[in-house]
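Okay, so here's the structure we're looking at.
The values are calculated or read from the model by the stated rules, or taken from the named source; none is laboratory data. Model, not experiment: these values are computed from the prediction. All Cβ positions, glycine included, derive from the backbone under ideal geometry; neighbour counts span all protein chains shown.
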Amino acid sequence: MKAVVDDKVPFIRGHIERMVDEVTYMPGNAISPTDVSNADILIVRTRTRCDARLLEGSAVKLIVTATIGYDHIDTDYCASHGIEWTNCPGCNARSVCCYVVNSLRLLHRLQPDLTIGIVGVGHVGTLVAEAAVSHGLKPLLCDPPRSDAGSLFKGLPFVSLSDIAAQSDIITFHTPLTLHGPYPTHHMADTAFFDSLRKSPVIINASRGAVVDNAALLSALNSHQVSDAVVDTWEGEPYNLNRQLLHRAAISTPHIAGYSSDGKANATRMSLMAVARWTASDYQPHISLPDAPLLSPVTLLADSDLLKQSPDTFEQQREHYPTRREPVTI
């Protein structure tokens, strides 16, 4: 049994070999149809587009993405060709929550009199809501799928996106990127959304780049409809960033909000467990993490400064992100 593995998936070497006969490691954006032609398992991150162009005629029967997001996987193609796939929901939720809280610390917005609108209340949004309450912020929660299902969040009702726009001092997005279906999120924050804002809020996007229309966000910043922006995920990343937005945003980072070593280890562990289930292996991976600096406002500011100084190295900064651990409390 053969596996092809993105060589930037951390902590995986020496573990996956316990469950398959042959492993090929290579850069995720360089994986080609030839590379996967005789592979049974493909372990990737977001830089590998898993669709007909890559998979047609291959032996691949399992795709594991060591990420929360999976819009780089053509799930319809997989379903029609008998290819199982799995992602790692929640693996780096705590890391992203740290990112949001540290951003608000840098912007002096952890104030009890402020309202934070949280769009998307899944693994990440739930932690952000809990952290907001612990710091005295008032959370407003927007999650149309959960709202339509009639659910509550710890007794709190869900509100509409228009309510978020009207009432929030801070708005943070934590949704997947969906183009179709009943709840599309592509350009959820567009010109019309920014025109509807009432309190000149801080906008945070640490979800997927195209959830926020980057050109519209830049215009909203310039017209003071938005007071500050924190952008970790970008339209056109890694090479076609909106450079004006990159320099105009208060905090600009290269898609590393979920890149704590703890989050990476969680993703790799979940990926390995998916392979173990598929191969009927009883292997139980244990990943030891090194001591390292903690995620903090200081490390976040350093990340932002580096990207603003060297935007052309976006991908290198992401792939060689320093080892950093999550704090005990957020």
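Data table
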read-out: Single residue of THR178, THR233 found to be farther than 23 Å from ARG109 by Cα and hydroxyl-bearing (Ser, Thr, Tyr); value: THR178
read-out: Residues of segment 64-98 that turn out to be of a type in the set (Phe, Trp, Tyr) and closer than 20 Å to PRO10 by Cα, as a count; value: 2
read-out: Test: residue in segment 81-88 that is in contact with a Lys or Arg (Cβ under 8 Å, 6 or more places away or on another chain) and either among the hydroxyl-bearing types (Ser, Thr, Tyr) or on the phi < 0 side of the Ramachandran plot (or both); value: yes
read-out: Candidate set: segment 135-166, residues that are polar (S, T, N, Q) and at pLDDT below 95; chosen: the one farthest from HIS186 (Cα to Cα); value: SER151
read-out: Close pairs (7 angstrom Cβ cut-off, 6 or more residues apart or separate chains): basic (Lys, Arg) in segment 7-25, surrounded by 13 or more Cβ atoms within 10 Å (Cβ to Cβ) anywhere; value: LYS8/GLY28; LYS8/ARG45; LYS8/GLU319; ARG18/TYR283
read-out: Pick from segment 66-79, criterion under 21 Å from ALA276 (Cβ atoms) and hydroxyl-bearing (Ser, Thr, Tyr), ranking: surrounded by the most Cβ atoms within 10 Å (Cβ to Cβ); value: THR67
read-out: Residue count, segment 219-268 (criterion: over 22 Å from ALA192 (Cβ atoms) and among the polar types (S, T, N, Q)); value: 7
read-out: VAL36 in contact (Cβ under 8 Å) with a residue 40 or more places away in the chain, closer than 24 Å to PRO285 by Cβ and outside the structural domain of PHE173 (by TED's automatic domain parsing); value: no
read-out: Residues (in contact (Cβ under 8 Å) with a residue 60 or more places away in the chain and either under 21 Å from PRO238 (Cβ atoms) or of a type in the set (A, V, I, L, M, F, W, C) (or both)) located in segment 190-202; value: VAL202
read-out: Options ASP169, ASP163, ASP143; residue that is assigned by TED's automatic domain parsing to the domain that holds ALA216, in contact (Cβ under 8 Å) with a residue 60 or more places away in the chain, touching a Gly at 6+ places or on another chain (Cβ under 9 Å) and of a type in the set (D, E, K, R); value: ASP169
read-out: All helices (runs of 4 or more DSSP H) inside segment 1-118 with 1 or more residues being within 24 Å of SER207 (Cα to Cα); value: 75-80, 93-106
read-out: Selected residue (criterion: surrounded by the fewest Cβ atoms within 10 Å (Cβ to Cβ)) from residues of segment 203-260 that are part of a strand (DSSP E or B) and touching a residue at least 40 places away in the same chain (Cβ under 8 Å); value: ASP228
read-out: Index of the failed condition, ASP303 passing every other in (1) buried (at least 18 other Cβ atoms within 10 Å of the Cβ); (2) without any contact (Cβ under 8 Å) to a residue 60 or more places away in the chain; (3) touching a Leu at 6+ places or on another chain (Cβ under 9 Å); value: (3)
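Conditions (1) surrounded by fewer than 20 Cβ atoms within 10 Å (Cβ to Cβ); (2) of a type in the set (Phe, Trp, Tyr); (3) under 18 Å from the mean Cα position of the chain (by Cα); (4) at pLDDT 95 or above, marked per residue:
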{"site": "ASP51", "(1), (2), (3), (4)": "yes, no, no, yes"}
{"site": "VAL64", "(1), (2), (3), (4)": "no, no, yes, yes"}
{"site": "HIS81", "(1), (2), (3), (4)": "yes, no, no, yes"}
{"site": "CYS88", "(1), (2), (3), (4)": "no, no, yes, yes"}
{"site": "VAL96", "(1), (2), (3), (4)": "no, no, yes, yes"}
{"site": "TYR99", "(1), (2), (3), (4)": "no, yes, yes, yes"}
{"site": "ASN102", "(1), (2), (3), (4)": "no, no, yes, yes"}
{"site": "LEU107", "(1), (2), (3), (4)": "yes, no, no, yes"}
{"site": "ASP113", "(1), (2), (3), (4)": "yes, no, no, no"}
